[in-house]
């Protein structure tokens, strides 16, 4: 399982079996199993899942996508000085998780790429200046930094990637 052609990445729906998903981080497992559908119904976030073409019900990984505004005070000075003096719109990946059985096979990279492609696809209709992620631990922090994300000031685990850089 190392090719995007062997995967389908689609919005979470009732056909997906979330009960067996286990990424090794209880809060991410619990979110998918118990809260994701509620957030979708309330339009809090969108949830996208990766499944193998051979079994489109089994969730191998997922990410959530929503929007937020970034205050200029948390942006690096060289980025902030080029922007108007009000919060900037961004897309937020607040969760990205891979089932233990599928870790190390490139699915995280595929999900991150998919989230960026989805965001770029709507950028002509909705103003979005950056991608923001919440890194749940040091491993996730390192993962996002490999793809060009950098830390927002005073934010702890929050990282960003200006879409202009893509």
Residue check, residue 36 against (1) surrounded by 14 or more Cβ atoms within 10 Å (Cβ to Cβ); (2) under 28 Å from residue 138 (Cα atoms); (3) out of contact with any helix residue (DSSP H, G or I) (no Cβ under 8 Å at 6 or more places or on another chain); (4) modelled with pLDDT under 95, all met but one. Which one?
(4)
Just a yes or no: is a residue in segment 44-64 under 20 Å from the mean Cα position of the chain (by Cα), modelled with pLDDT under 95 and crowded, with 18+ Cβ neighbours inside 10 Å?
no
Can you name the residue in segment 133-147 that is under 14 Å from the mean Cα position of the chain (by Cα) and assigned to a loop (DSSP other than H, G, I, E, B) and is also surrounded by the fewest Cβ atoms within 10 Å (Cβ to Cβ) among such residues?
147
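Residue by residue, here is whether (1) free of Cβ contacts under 8 Å to residues at least 40 places away in the same chain; (2) in contact with a helix residue (DSSP H, G or I) (Cβ under 8 Å, 6 or more places away or on another chain) holds:
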| residue | (1), (2) |
| --- | --- |
| 119 | no, yes |
| 130 | no, yes |
| 137 | no, no |
| 146 | yes, no |
| 163 | no, yes |
Output yes when any residue across segment 103-121 is touching a strand residue (DSSP E or B) at 6+ places or on another chain (Cβ under 6 Å) and outside any helix (DSSP H, G or I), and no when none is.
no
What's the number of the condition residue 25 fails, among (1) crowded, with 19+ Cβ neighbours inside 10 Å; (2) under 15 Å from residue 95 (Cβ atoms)?
(1)
Could you grab me the full set of residues in segment 6-59 that are in a helix (DSSP H, G or I), touching a residue at least 40 places away in the same chain (Cβ under 8 Å) and over 13 Å from residue 102 (Cβ atoms)?
27, 28, 29, 31, 32
Output the residues belonging to segment 71-127 that are within 17 Å of the chain's Cα centre (by Cα), within 15 Å of residue 23 (Cβ to Cβ) and either at pLDDT below 95 or surrounded by fewer than 18 Cβ atoms within 10 Å (Cβ to Cβ) (or both).
94, 103
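The values are calculated or read from the model by the stated rules, or taken from the named source; none is laboratory data. Only a predicted model underlies this, so the values are computations on that prediction, with no experimental measurement involved. So basically every Cβ, Gly included, is an ideal-geometry build from the backbone, and we count neighbours across all protein chains shown.
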